[in-house]
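Asker: Take this structure, written in structure tokens, and hold onto it; I'll ask about it next.
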Amino acid sequence: MDLLRFATAGSVDDGKSTLIGRLLYDSKSIFEDQLLAMEESSRRRGDAVVNLALLTDGLRAEREQGITIDVAYRYFATPRRKFIIADTPGHIQYTRNMVTGASTADLAIILIDARKGVIEQTKRHAFVSNLLRIRHLVLAVNKMDLVDYSEQVFQDIVGSFYEFASRLDNVADITPIPVSALNGDNIVEKSDKMPWFKGASLLYHLETVYTGGTANHVDARFPVQWIIRPLSQEHHDFRGYAGRVAGGVFKPGDAVTVMPSGFSTRIKKIHLPGGKELDEAFPPQSVVMTLEDEIDISRGDMLVKANNPPEASQDVEAMVCWFSQKPMQIRGKYIVRHTTKETKAIVQELRYQVDIETLHKKENCAALEMNDIGRISLRTASPLFYDSYRRNRLTGSFILVDPGTHETVAAGMIV
Amino acid sequence: MPIYSLDHLDQIEAEAIFILRETAAQFQNPALLFSGGKDSIVMAHLAAKAFWPAKIPFPLLHVDTGHNFSETLDYRDAFVAKLGARLVVGSVQASIDTGRVKEEKGPFASRNSLQTVTLLDTIEEQKFDACLGGGRRDEEKARAKERFFSHRDEFGQWNPKNQRPELWNLFNGKYHPGEHFRVFPLSNFTEMDVWMYIQREDIELPSLYFAHEREVFFRGGSYLAVSACVPMLETEKAEKKVVRFRTIGDITCTGAIESTASNLDEVIAEVAAARQTERGTRADDKRSETAMEDRKREGYF
Ligand SMILES: Nc1nc2c(ncn2[C@@H]2O[C@H](COP(=O)(O)OP(=O)(O)OP(=O)(O)O)[C@@H](O)[C@H]2O)c(=O)[nH]1
Ligand SMILES: [Mg+2]
């Protein structure tokens, strides 16, 4: 069956977790014991109605404070599709957890509180979604019950969001839907409280929207993850290169080049895990390849097609989201993880920081603080083999790790 | 469908295989936590596929509460032999005998929480730096929050309020001496996915998962097996029922459900129609609203 991964986004308390709870509840994806547990904790907390956010806000601290701290993953299926939901936190302090949930999504539901309209955090999350190249957005204007289900309020908010979104270059489509997560209007069924709304319910849209996935099927890229050498009697000479296809299509017989050594050879066989032979391999398959010639290849190397190599350079330009309380230092040294490769890196320059409110570039900044987004130039100790993030999410992304604390301090998208 | 698209089972399989290989590559001394339950069986099956035609490059670790279903141990030994894997056993009984932990008393006693100490002791003894677990995010609300690569401090504790960001398919397994990781390749599998995968791959399971007649008694909403490890209350009475287990753990806290599902097709049909989560039969989760989170914080699976 077809699989859609989507994430929620938007400011704190806009109703993201309630919306997911409602979606699961109304699509009958909640089990009786979960429902009982939820009703019981709602009662104990003194909530007036059953608090649907408790379905995803599973941590003690989240339940105590009534906010989401870390992303929750939920699963459900309809006869049309399977869904993996990432319910992300709206609070600015937990932006890094929002980015975590959004990084693997094909679609984002951006929630807005109808009483508040488009605010800075809405813009931040829309901007981050765009930066991550989530091409399909749903604009869920929530809490319509608190604004008398007013069409005017809805239209005004949609208008101001479009104005902002016109500057987001990666968005393919935006689908606005007026909803009440609390009461279930336009979530699974169309609401009779908003006859003026001619569009479909949220669930219907999620079931039918075409996303086409994010994989690149053009530029053949195979980052080597692990070398398989059984050294057994039966497979004495077997030397297999295990990994996940990050781009393009590979076939047995294809001429490939190994980066960085530059040696060329041909693919002998491609096996699925467990051994089954394949005629072709494409993203996101995990496979094992054997080659015609014995060449020195290790983890972090990349198999590519000779006529279509990736960039290979020690200097990369990238947009980064900074996650750490310790600000990014210019000339600071970090460990970079890119595909299956790890090397050292130094931040050469901070070109600019993005002003989330206006999307203007602020130049001459000294540092990136936690939750800031900016463009940097990075110098690595050994060359990275990469494509722009725009071309390939898997060969265009990296993380930075602090060599002292081992924390993941930044996410990077190569421009 | 476009040509270059994968069925959802293929997608989550490819992801799990990637995580297993990444664990082998990033850590010095990983182990795969094997309980004999269906999730750890699926995980071990995936590990065997991930490194084919070589053997699994790390041992299987069973934390043995001493309160097992005999079927589980028989299955374990046969399965490990078939894979040609190495088995390490951490014994809760040994932890009790050496005074590391104190056995709970009374009819509701369970060795479930004692396992944590044995697990952490074994990790320290064997110097494991990553333990692969069969936990799935759809199982429980705290597990829904966990990363694929989940960091543990030098006391084995999970800090859910400060997890490392985890983006795309880039996993950061760096740690300081004494710390370790829990890694969950099946994070994105649902209970239904696991069953469908078992069917597709034709994986043999312990007989406990299929309907059989057994002496049981009713407690806390499900049937517990009559056994020497679980003292019955005076008000409880043993009866013969046709039951099966949806999850398998320690005999003292794993409840059975009445069922006549005796093969995979019937089990799948039953799972599809179920109105209770599989952990609804687990007494260990019912001790409080945040029982799972609390145990995980301490270092539980
Ligand atoms: N009246 C009304 N209240 C709503 C609606 N949706 C959510 N709420 C309430 O808004 C509050 C916040 O809801 P949550 O779902 O926790 O918000 P959130 O966006 O998940 O918040 P964070 O995850 O912390 O960013 C709760 O008290 C909800 O009951 C709605 O449609 N109408
Ligand atoms: Mg929330």
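Asker: Which residue out of B:Lys127, B:Lys174, B:Lys102 is out of contact with any Pro (no Cβ under 6 Å at 6 or more places or on another chain), among the basic types (Lys, Arg) and within 11 Å of another protein chain (Cβ to nearest Cβ)?
Answerer: B:Lys174
Asker: Name the pairs whose Cβ atoms lie under 6 Å apart, with the first residue in the range A:18-29 and aliphatic (A, V, I, L, M), the second more than 13 Å from ligand 2 (Cβ to nearest atom) and in a loop (DSSP other than H, G, I, E, B), and 6 or more positions between them or separate chains?
Answerer: Close Cβ pairs (under 6 Å, with a partner that is more than 13 Å from ligand 2 (Cβ to nearest atom) and in a loop (DSSP other than H, G, I, E, B)) amount to A:Leu23/A:Ile187; A:Leu24/A:Ile30.
Asker: Let me ask another. Of the residues A:Arg80, A:Arg74, which single one is more than 11 Å from ligand 1 (Cβ to nearest atom), surrounded by fewer than 19 Cβ atoms within 10 Å (Cβ to Cβ) and within 13 Å of another protein chain (Cβ to nearest Cβ)?
Answerer: Going through A:Arg80, A:Arg74 in turn, the sole match is A:Arg80.
Asker: Could you identify the single residue in B:Lys55, B:Lys49, B:Lys38 that is of a type in the set (D, E, K, R) and over 28 Å from A:Arg299 (Cα atoms)?
Answerer: Within the list B:Lys55, B:Lys49, B:Lys38, the selection yields B:Lys38.
Asker: Could you list, in sequence order, the residues of the range A:56-71 that are more than 9 Å from ligand 1 (Cβ to nearest atom) and free of Cβ contacts under 8 Å to residues at least 24 places away in the same chain?
Answerer: Scanning the range A:56-71 gives A:Gly58, A:Leu59, A:Arg60, A:Ala61, A:Arg63, A:Glu64.
Asker: Check A:His125 against each of (1) farther than 22 Å from A:Pro178 by Cβ; (2) within 15 Å of ligand 1 (Cβ to nearest atom) and name the one condition it does not meet.
Answerer: Result: A:His125 fails condition (1) only.
Asker: Is it the case that the range A:146-163 has a residue that's out of contact with any strand residue (DSSP E or B) (no Cβ under 6 Å at 6 or more places or on another chain), within 19 Å of A:Ala411 (Cβ to Cβ) and away from ligand 1 (no atom under 14 Å from the Cβ)?
Answerer: no
Asker: Answer yes if at least one residue in the range B:237-247 is of a type in the set (D, E, K, R), within 26 Å of B:Asp265 (Cα to Cα) and assigned to a loop (DSSP other than H, G, I, E, B), and no otherwise.
Answerer: Yes - at least one qualifying residue is present in the range B:237-247.
Asker: Only one residue in A:Asp26, A:Asp106 is closer than 25 Å to B:Val271 by Cβ and away from ligand 2 (no atom under 16 Å from the Cβ), so which one is that?
Answerer: A:Asp26
Asker: Only one of these is more than 7 Å from every other protein chain (Cβ to nearest Cβ), within 16 Å of ligand 2 (Cβ to nearest atom), under 23 Å from the mean Cα position of the chain (by Cα) and surrounded by 24 or more Cβ atoms within 10 Å (Cβ to Cβ): A:Ile67, A:Ile20. Name it.
Answerer: Of A:Ile67, A:Ile20, the one residue that is more than 7 Å from every other protein chain (Cβ to nearest Cβ), within 16 Å of ligand 2 (Cβ to nearest atom), under 23 Å from the mean Cα position of the chain (by Cα) and surrounded by 24 or more Cβ atoms within 10 Å (Cβ to Cβ) is A:Ile20.
Asker: Go through the range A:217-288 and tell me which strands (runs of 3 or more DSSP E), entirely inside it, have 1 or more residues that are within 8 Å of chain B (Cβ to nearest Cβ).
Answerer: A:226-228, A:240-244, A:264-271
Asker: Can you tell which of A:Tyr149, A:Tyr94 is of a type outside the set (Gly, Ala, Ser) and more than 16 Å from ligand 2 (Cβ to nearest atom)?
Answerer: Exactly one residue qualifies, and that residue is A:Tyr149.
Asker: Sticking with this one: Is there a residue being within 11 Å of ligand 1 (Cβ to nearest atom), in contact with a strand residue (DSSP E or B) (Cβ under 7 Å, 6 or more places away or on another chain) and more than 8 Å from chain B (Cβ to nearest Cβ) anywhere in the range A:35-55?
Answerer: no
Asker: Please enumerate the residues belonging to the range A:11-21 that are near ligand 1 (Cβ under 6 Å from one of its atoms) and in contact with a His (Cβ under 8 Å, 6 or more places away or on another chain).
Answerer: If the condition is that a residue be near ligand 1 (Cβ under 6 Å from one of its atoms) and in contact with a His (Cβ under 8 Å, 6 or more places away or on another chain), then A:Val12 is the only one that fits.
Asker: Name, by its number, the condition in (1) closer than 27 Å to A:Ala246 by Cβ; (2) surrounded by fewer than 22 Cβ atoms within 10 Å (Cβ to Cβ) that does not hold for B:Arg137.
Answerer: Of everything listed in (1) closer than 27 Å to A:Ala246 by Cβ; (2) surrounded by fewer than 22 Cβ atoms within 10 Å (Cβ to Cβ), B:Arg137 misses just condition (2).
Asker: Something else: Name the pairs: first residue in the range A:72-100 and of a type outside the set (A, V, I, L, M, F, W, C) and modelled with pLDDT under 95, second residue in a strand (DSSP E or B) and surrounded by fewer than 23 Cβ atoms within 10 Å (Cβ to Cβ), Cβ to Cβ under 6 Å, at least 6 apart or on different chains?
Answerer: Taking only residues 6 or more apart or on different chains, the pairs are A:Arg81/A:Leu4; A:Lys82/A:Leu3.
Asker: Would you be able to tell me the number of residues in the range A:29-52 that are among the hydrophobic types (A, V, I, L, M, F, W, C), over 23 Å from B:Arg295 (Cα atoms) and in a helix (DSSP H, G or I)?
Answerer: Selection size over the range A:29-52: 1.
Asker: Can you say whether A:Asp14 is more than 14 Å from every other protein chain (Cβ to nearest Cβ), in a loop (DSSP other than H, G, I, E, B) and within 12 Å of ligand 2 (Cβ to nearest atom), as far as the supplied structure shows?
Answerer: Yes; evaluated as a whole, the condition is true for this residue.
Asker: I'd like to know if the range B:190-204 contains one or more residues that are in contact (Cβ under 8 Å) with a residue 12 or more places away in the chain, away from chain A (no Cβ under 14 Å), in contact with an Asp or Glu (Cβ under 9 Å, 6 or more places away or on another chain) and of a type outside the set (A, V, I, L, M).
Answerer: So far as the range B:190-204 goes, yes, one or more of its residues are in contact (Cβ under 8 Å) with a residue 12 or more places away in the chain, away from chain A (no Cβ under 14 Å), in contact with an Asp or Glu (Cβ under 9 Å, 6 or more places away or on another chain) and of a type outside the set (A, V, I, L, M).
The values are calculated or read from the model by the stated rules, or taken from the named source; none is laboratory data. Quick caveat, the model's predicted, so the values are computed rather than measured. Cβ: placed from backbone, ideal geometry, glycine included. Neighbour counts: every protein chain shown.
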